[in-house]
Structures are given as C-alpha cells and as structure tokens.
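Q: The structure's right below; bear with me while I get my questions together.
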Amino acid sequence: MTERNRPADPNDRVAALRAQIEQANHRYQVLDDPDITDADYDRLMRELEALEAEYPELASRDSPTRTVGARATGGFAEVRHALPMLSLGNAFEQEGDTGRERFREVAEFERRIEQTLDRKEPTFSVEPKLDGLAISLRYENGLFVQGATRGDGETGEDVTANLRTIRAIPLKLRGKGWPEVLEVRGEVIMLRKDFEAFNEYARTHGEKPLANPRNGAAGSLRQLDPAITAKRRLSFFAYAVGVVDGELPPTHSATLQKLRQWGFPVPPEVGVATGFEGLLAYFHRIGDSRDGLPYDIDGVVYKLDDYAGQREMGFVSRAPRWAIAHKFPAQEQSTTLLDIQIQIGRTGAATPRARMEPVQVAGVTVTYATLHNADQVMRLDVRIGDTVIVRRAGDVIPEVVRVVEDQRPEGTVPWSMPTHCPVCNSALIREEGAAAWRCSGGLICAAQRKEALIHFASRRALDIEGLGERFAEALVELDMVRTPADLYRMSVDDFVDMKQCLDELDGTTPDTVKAGKIATKWAENLVEGIAASKHTTLPRFLFGLGIMHIGESTAKTLAGWLGSLDAVRSTPASVLRVLPDVGNEVATSIASFFAQPGNQEVVDDLIDVGITFSDEGAPSPLLKTQLTLEALILSTSIESVAKVYAGNLAKAFDSVDALLGAGTEGWLKAGVKKKAAGSLEAFAGNDQAVQELREAEATMRLLLSAIPQAGTTRVLPLEGKTVVVTGTLSMLSRDQVKEQLEALGAKVTESVSKKTTFLVVGNAAGSKLKEAHRLGIEVWDEARLSNFLLQQKNRG
Ligand code: IVH
C-alpha cells in the first residue's frame, strides 16, 4: 500500500469496506439485484485485502475476505457440500510495459508452482471463465439425484427441480465407466441470444428486463416455481468434479474429456497450455474472440493440470493455490449521465439514447448507450446527472442497465418523453400497444430521409458503392437529394460541389489543382457506382424502400410469390395476408406504404430514372394452391366462419358475387350452420367489407391469370441473363440481334458491368471489350452467336 492510499484511520476504513462489501454480497447473492459493478466490487475487496495484510490486527475471521459470498436463504432446502465449493483468486492487469509487468500476478502464480513443485513450465488446463452461477450436480449410479447452488461454499440451496428443466444437464449419464458417485461442478449461464430474446420480449411487453445474463441465470435458477425456470432458457457447462467415488484420469483436462463423453457440455474453448507464455497466449486468444462468443465470460481460468500437483499445492483460505482466474476488463462500468437524446430512425422510431461522461468498458471508450425506449427510461428512472451503470458485451450496442440510486445528486427531475421530434418538430406519436414512439413527420423529417437514403444505398439493398453514411447525410442536409431517385440525377459536377461544401464546413478547403482532380475522380466513381446500382433485383429493391417490417427475407418471399413490382405495389393487404410467410403485420405495412401517393411517386420516379430488375417474372405457380376463394373468405374473418365453412362456401360458389347473391338459404344449403349464416348476412350488409373482398377477388384472378399455363412454362434459354452487344456485326443489325436475344429471355443492356453474363462482339469493338476482359466476362464472337441462334431456332 502506498503512502498516498493509506487511510487516516484504517480501522474506520476497514469497517466501512466490510459494510459495503456485505451489502453488495446480499444484493448480489440473495436479491439477485446488484447495484455496483463487478469492477467496483473487486476494487473494494482488494482494498480490504491490502488493509488486512498491512494491519494484521484488523483481520477478523468473519471478514468478507475469508468467507465466500452470502449464505443460502429463502425457500429452498439447504444442502451441505461434502467437499466445499471454493472460489478462485483473481489476477488483474497492472501498469507496466512488458508482459511480465502487466501480468505480474499471473507470472507470480506460475513461478510459485514451478518453485514449489520444482518443475519447469508446468502444464495447465486453460478455460474460459463463464459468468453465471456455480452449481454442483450429484449423480449416483449414473442418475442425477441432487443439484445445489454454491451458497457460501459450505452450504448451498437445493435447486434440483429447477435444474431438471435445463436441457444441457443430463438426467442420466451416457457411455460407461462413470464412478458410482460423481459430483460434477460447473456454471449455469444464459446464452447471449437467449438473454437478448428475453429482454426484447420484456421491453416490448412492459416487463422488467434482466440487467445481464448472469442475473438472468441466477434469478431464474432461484425461482421457487420450476415452470418459470423452464421458460427462461438456461444452459450449463461443466468445469470440475467434486466428490468422486470411483476412478478418474490423473489430469483435469482428461477428466473434462470424460465428462464430455458422459454427456456434459464442456466449453469448446477449453485447452491446455504450458508455462507463463502459454497462459498469456491463451489469455490473448480468448480475449480477441470474446465479443464473438455465445456467452459472457469475465476472464480465463488456469488450473494446474495434474491432480498430484494440485494436492501438493494445496489451498489458502478460500482459494486453491493451483488455480487462478485471470480477469478481463469489466463489461460493466459506472459513469455520469449527461443527457438523454432522442434519435430518429429510418421509419421514424424515436429512441432515447444516453450521452455519458466517456468511460472505458471492456477496452472500448463508450460515450453513448441505448436506453431502448421511453418505458425503459421510466422503469429505470434514469435522470440526467445520475450515476449509471453501462454494459457492453459481445457485439451488442452498449446499454444503460441501472442507476446507482444512492449516488443521485440533489435536484434531479424525472425524465419524460418529449412531445415533438427534435429534428423536424413534428409530433411524436405512439401507436396503440407499441413500445416505440415515432416521429409523424415521414419524409418531411430530415432524420428519416437521411436514414432512408443510407438504407437504400446499403450493401444489402441497392449496394451503391462509394456512397458512405457521411455523404448520404450531407446530400440530405444540403437538400441536394430528397428521395433516392434524386440520387440518379446527380452529375459529377454536383458531387464535386457537394464535396466542396463539406470541406468548407469542415474548414479544410483544399484549393489545389491536385485536390480538385482527386475530387473529380471520386465523383466520377460515385456516379458510376450509382449507375451500376440501377441493375438490381426485385428483393433488393423492395428491401431498399425501407418499408416497416420488410426485411431481406420478407422481400424475397414477396418477390417470389408475386413475381413483379407491379404486382407487389398493387396487391391489397387482404390478399397479401393469405400468402404463406407473410403475416398480418407485413401485409398491412406494405399495403399502407403503397397506399400513400407520395410513395408510389417515388417508386415511379425510380423506375423512370432507369432501375431495372434482372429477376422479374410471373407470379409463382404455387399461388394456385394458396390464393383461393376459400383462403380469401377465411382471411376476411367473418364470425363463426372458420376453415370448414370457408371450404364449404368456396366449393358451392365460384365467385364473391355468387356467394353474396345466395342469401341465407343458399348458405345453409352450402353446409354452414345458422349462426354463421347470420354473420354472412351481416357481412353482406357491410359495404366496405364487401368492397374489400371484391377487390381481393379481382386481384386474385389477375394474379392467377398471370401464371404461365402448365406445359407452356418452358424456361427461356436466356432467362435471367444480361447481354451486351458491341461493334458491327456482318449478318444482322444490332437491333435484330437485340430482338432475337430478348425473345430468348435475355436482358440486353448498354454497358458492361459485373452483372453482364456475356458480351457479343462484332468488328471494331472498343472500350466495352476491354471492360469485359477486365471484369473477366465471357465474350462471344459473331460465329458463336449465329450458331447459338440457329440451334435455338431448330429446337423451338
Ligand atoms: S473452477 C476450485 N473453472 O468462477 C476452483 N470456476 O471465482 C473452483 N467459474 O465459483 C472453480 N468458470 O462460479 C472454475 N472454468 C471455470 C470457471 C469457474 C467460471 C466461476 C465459478 C466459481 C468462480 C470462482
């Protein structure tokens, strides 16, 4: 302990630290509701350990440094562990330049083993340190008989019933050769994906989200009702054994292998390493892949691999001398909340976001964190000025998980959702039952226009090369682009102008000739990229429009069923709803998007500037089985008319007119009961509903008639192929060639791009031929073309 850190009265400080640690233990272990971060907890613990080492007279047997966590409490029976469940000493990164300095504690751990055992470079089992809840599972004659939490290490809680609901825990051991009595120890965790899914559900249903996966695991396991545990998906990984009555291999790593064979999940990252350098290499390797792992880990664990060596090393107070936990920088940190801002997304979603005093979380500086939605801010009661806990894990966006209430400064006020959009000042509205608020400004709102443009140009949509987010934003800000179609009317000069404006704004006006040339080259490339994006596919285009709820796969589904943009943009919700994999939400969203004349205009405009689809065609032949009068009647949801009656009615009447004209008598004769006939009567009197059904029927007939007749659906030989013709041909004019190719299904375009299938060259071919060579595109000469056309003629 340095002079500077030495407290005025160590006695008081020790007492204060113990009180704080005990309170933290209680909240963590018993209430599953911690209010300080692990990093802060570790700091308190280390300070206390250091003081107790420096002033041995202040040490006491019941100090939190001597006991492990809190005792079991609550409604579970107690289980005494026959072999105590121990804790691990921690190694943290220190100041220093070399590995040995920064990882001094690991180096000391390793050296001590080398010296005690008089062995060079011993072998270790190296493992991820899973962040969940430690448990012990007892198997007798291969059957799971009891499972308990660690509790205080000596006594835990009997959570057998809850553990039985976890699929990863074998109820019966597999294979053979297991000891008669076997205690397997390991960690119950919640995988990141299950945690995310749980919280997504909680947030949209007004329930309390989990602070982190570890709390999720602990809270779920300590539920008194196993049904609740079962509903929250928990996982389990084994990392050690307890009491064993029988034979086990002589090393820990071999034991883990056995556990795998007997049916226990063991983390795939487990391995062996030798010496200090081996340990560090493992630490860095796992550290680098940490964000991509399916679970949260807070470090790695090194265990001397051979049991004989372990016995020789022994224990100190609560931890073995043969193992250590090497901790990563913490995933949760506390900082001060400076502001709550509202961000407007592409579809107008207004999301509160926290701006904070910058803080390092798991090795990254974090200034912004999501607050998810207004309800969440209210639930957490986050106020400007509060000390908040930010969490960053995996590749998810950092989030504020809770407020440290006892550090709240005076004079803070509860936050409330603003009533107007901070960008366009339109009203913020909330749809019934939805968690999200939206800006009602639509494309008036520059924030939405920006996001829409970025989305339209993004890689999985129109894939416009060279238009980054910054430029898309600038185009909207400078009002050079209002809709995506405007992009296709921009010239090289326009972009050069824009770049100049931007540079001036940034105060970096480079007015040299060279800079001008670079800007022109950049603009030329961008214009080329924009032009190339015109040749696209229908799903990309539909996705790019940024319609709410239309992701990539829904866009593909729609394009697959309906075939063409015209069909998609004119099909009413009542028909869309009937298509498999298209839910009500999607159907309504598409139909209301295209019901807005402004949106139809943008789409027209995009077609006018030359957007074409390589994959447009007829509706899918499978529509015949899906899009039937029965399906339409069913989706109209007439009371008491379910599947059987809808079928009967569709069998008896072949059109909506015939159906409505039949009247009660006709319906009864078709096989529906009185009650349903009554509902039909009421339906027939509802003009709007009838109108909708008629419209749906008309669309249905149109779509079905566009499906090519069976037998004649010969796929054209050049269907889906894009061809370019260049140079002079001797036997045919270019227009004739074009016509013949198109008759075979090809799309004939003017310029060679990545999307070109082949290039037909005549005499004096120039730049297009060069471009085709550069892109490695197939080239046909006139002889090959005539041969091909002749063959096709003979076949047809
Ligand atoms: S071994 C005697 N191995 O960390 C050693 N523990 O701080 C007993 N943990 O209570 C533990 N991953 O909850 C061990 N691969 C691993 C672990 C691990 C996570 C947890 C466990 C334990 C705590 C000790």
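Q: When only residues in the range 81-125 that are small (G, A, S) and either on the phi < 0 side of the Ramachandran plot or touching a Ser or Thr at 6+ places or on another chain (Cβ under 9 Å) (or both) count, which is farthest from the ligand (Cβ to nearest atom)?
A: Per the stated criteria, the residue is G99.
Q: I'd like to know if the range 338-347 contains one or more residues that are among the β-branched types (V, I, T), more than 16 Å from the ligand (Cβ to nearest atom) and surrounded by fewer than 17 Cβ atoms within 10 Å (Cβ to Cβ).
A: no
Q: Exactly one condition in (1) in a loop (DSSP other than H, G, I, E, B); (2) at pLDDT 95 or above; (3) within 16 Å of the ligand (Cβ to nearest atom) is false for P128; which is it?
A: (1)
Residue by residue, here is whether (1) under 21 Å from R540 (Cα atoms); (2) aliphatic (A, V, I, L, M); (3) touching a Cys at 6+ places or on another chain (Cβ under 7 Å) holds:
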position: H455; (1), (2), (3): yes, no, no
position: D463; (1), (2), (3): yes, no, no
position: R470; (1), (2), (3): no, no, no
position: E477; (1), (2), (3): no, no, no
position: M480; (1), (2), (3): no, yes, no
position: P484; (1), (2), (3): yes, no, no
position: Y488; (1), (2), (3): yes, no, no
position: V492; (1), (2), (3): no, yes, no
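Q: Let me ask something else. Residues to consider are V752, V690, V779, V723; find the one that is within 30 Å of V656 (Cβ to Cβ), touching a residue at least 12 places away in the same chain (Cβ under 8 Å) and surrounded by 15 or more Cβ atoms within 10 Å (Cβ to Cβ).
A: V690
Q: Moving on to the next point. List every residue pair whose Cβ atoms lie under 8 Å apart, where the two residues are 6 or more positions apart in sequence or sit on different chains, the first residue falls within the range 82-101 and is under 25 Å from L130 (Cβ atoms) and part of a loop (DSSP other than H, G, I, E, B), and the second residue, located anywhere, is more than 16 Å from the ligand (Cβ to nearest atom) and not β-branched (V, I, T).
A: E93/R102; E93/F103; E93/P329; Q94/E101; Q94/R102; Q94/F103; Q94/R104
Q: For the list (1) within 16 Å of the ligand (Cβ to nearest atom); (2) on the phi > 0 side of the Ramachandran plot; (3) touching a Ser or Thr at 6+ places or on another chain (Cβ under 8 Å), I need the number of the one condition that Y307 fails.
A: Here Y307 meets the rest and fails (2).
Q: Among (1) modelled with pLDDT under 95; (2) away from the ligand (no atom under 12 Å from the Cβ), there is one condition A319 misses while meeting the rest; what is its number?
A: So the condition that A319 fails would be (2).
Q: Could you list all residues from the range 67-104 that are of a type in the set (S, T, N, Q) and modelled with pLDDT of 90 or more?
A: Scanning the range 67-104 gives S87, N90.
Q: State all residues of the range 30-65 that are over 27 Å from R391 (Cα atoms) and touching a helix residue (DSSP H, G or I) at 6+ places or on another chain (Cβ under 8 Å); if no residue qualifies, say none.
A: Matches in the range 30-65: L51, E52, E54, Y55, L58, A59, S63.
Q: Within the range 233-263, take every residue that is within 13 Å of the ligand (Cβ to nearest atom) and closer than 17 Å to V181 by Cβ and give me the one that is surrounded by the fewest Cβ atoms within 10 Å (Cβ to Cβ).
A: G242
Q: Related question: Restricting to the range 293-316, name every residue that is aromatic (F, W, Y), in a strand (DSSP E or B) and buried (at least 22 other Cβ atoms within 10 Å of the Cβ).
A: Y302
Q: Applying the selection to the range 348-369, what residues are at pLDDT below 90 and over 15 Å from I389 (Cβ atoms)?
A: If the condition is that a residue be at pLDDT below 90 and over 15 Å from I389 (Cβ atoms), then G363, V364 are the ones that fit.
Q: Another question, if that's okay. Within the range 272-329, track down each residue that is closer than 30 Å to R61 by Cβ and acidic (D, E).
A: Passing the criteria: D298, E312.
Q: Which of the residues that make up the range 156-167 are away from the ligand (no atom under 16 Å from the Cβ) and either closer than 30 Å to R290 by Cα or in a loop (DSSP other than H, G, I, E, B) (or both)?
A: Residues satisfying the conditions are N162, R164, T165, R167.
Q: Return yes when A59 is away from the ligand (no atom under 15 Å from the Cβ), surrounded by fewer than 13 Cβ atoms within 10 Å (Cβ to Cβ) and of a type in the set (G, A, S) and no when it is not.
A: Judged against the criteria, A59 is not a match.
Q: Could you tell me which of the residues A662, A658, A698 is in a helix (DSSP H, G or I), surrounded by fewer than 18 Cβ atoms within 10 Å (Cβ to Cβ) and more than 45 Å from the chain's Cα centre (by Cα)?
A: Among A662, A658, A698, only A658 is in a helix (DSSP H, G or I), surrounded by fewer than 18 Cβ atoms within 10 Å (Cβ to Cβ) and more than 45 Å from the chain's Cα centre (by Cα).
Q: Here's something else I'd like to know. Can you name every residue in the range 153-208 that is among the β-branched types (V, I, T) and over 31 Å from the mean Cα position of the chain (by Cα)?
A: Once the filter is applied, which keeps residues that are among the β-branched types (V, I, T) and over 31 Å from the mean Cα position of the chain (by Cα), the range 153-208 yields T155, V159, T160, V181, V184.
Q: Run I286 past the list (1) more than 12 Å from the ligand (Cβ to nearest atom); (2) crowded, with 19+ Cβ neighbours inside 10 Å and report the number of the one that doesn't hold.
A: Condition (1) is where I286 drops out.
Q: Just checking, how many residues over the range 550-581 are of a type in the set (S, T, Y) and within 27 Å of the chain's Cα centre (by Cα)?
A: Residues meeting the conditions: 3.
Q: Related question: Restricting the search to the range 168-191, which residues are basic (K, R) and either free of Cβ contacts under 8 Å to residues at least 12 places away in the same chain or within 16 Å of the ligand (Cβ to nearest atom) (or both)?
A: Hits for the range 168-191 are K176, R185.
Q: Mind telling me which of the residues V359, V366 ends up being of a type outside the set (S, T, N, Q), more than 16 Å from the ligand (Cβ to nearest atom), outside any loop (DSSP other than H, G, I, E, B) and farther than 26 Å from V423 by Cβ?
A: Among V359, V366, only V359 is of a type outside the set (S, T, N, Q), more than 16 Å from the ligand (Cβ to nearest atom), outside any loop (DSSP other than H, G, I, E, B) and farther than 26 Å from V423 by Cβ.
Q: Let me ask something additional. In contact with a Pro (Cβ under 9 Å, 6 or more places away or on another chain) and assigned to a loop (DSSP other than H, G, I, E, B): does that describe D581?
A: no
Q: Could you list, in sequence order, all residues of the range 196-232 that are in contact with a Gly (Cβ under 8 Å, 6 or more places away or on another chain) and away from the ligand (no atom under 16 Å from the Cβ)?
A: F198, L210, L224, R232
Q: Could you please find all residues in the range 483-526 being in contact with a Lys or Arg (Cβ under 9 Å, 6 or more places away or on another chain) and either part of a helix (DSSP H, G or I) or surrounded by fewer than 16 Cβ atoms within 10 Å (Cβ to Cβ) (or both)?
A: Hits for the range 483-526 are L502, A519, W522, A523.
Q: Just to be sure I understand the filter: pairs with C-beta atoms under 8 Å, separated by 6 or more residues or on different chains, first member in the range 118-140 and polar (S, T, N, Q), second member within 9 Å of the ligand (Cβ to nearest atom). Which pairs pass?
A: Every condition considered, the pairs that remain are S125/V270; S125/K303; S136/M85; S136/R150; S136/R185.
Matching residues to (1) surrounded by 14 or more Cβ atoms within 10 Å (Cβ to Cβ); (2) under 20 Å from L538 (Cβ atoms); (3) of a type in the set (D, E); (4) at pLDDT below 90:
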position: I590; (1), (2), (3), (4): yes, yes, no, no
position: V603; (1), (2), (3), (4): yes, yes, no, no
position: D608; (1), (2), (3), (4): no, yes, yes, no
position: D615; (1), (2), (3), (4): yes, yes, yes, yes
position: P621; (1), (2), (3), (4): no, yes, no, yes
position: L629; (1), (2), (3), (4): yes, no, no, no
position: S637; (1), (2), (3), (4): no, no, no, yes
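Q: Given (1) out of contact with any Asp or Glu (no Cβ under 9 Å at 6 or more places or on another chain); (2) free of Cβ contacts under 8 Å to residues at least 40 places away in the same chain; (3) over 30 Å from F92 (Cβ atoms); (4) not in a loop (DSSP other than H, G, I, E, B), where does T229 come up short, assuming only one miss?
A: For T229, the failing item is (2).
Q: Tally time: how many residues in the range 755-776 are exposed (fewer than 14 other Cβ atoms within 10 Å of the Cβ), of a type in the set (S, T, N, Q) and in contact (Cβ under 8 Å) with a residue 12 or more places away in the chain?
A: Count: 1.
The values are calculated or read from the model by the stated rules, or taken from the named source; none is laboratory data. Quick caveat, the model's predicted, so the values are computed rather than measured. Positions of Cβ are backbone-derived with ideal geometry, glycine not excepted, and every protein chain shown enters the neighbour counts.
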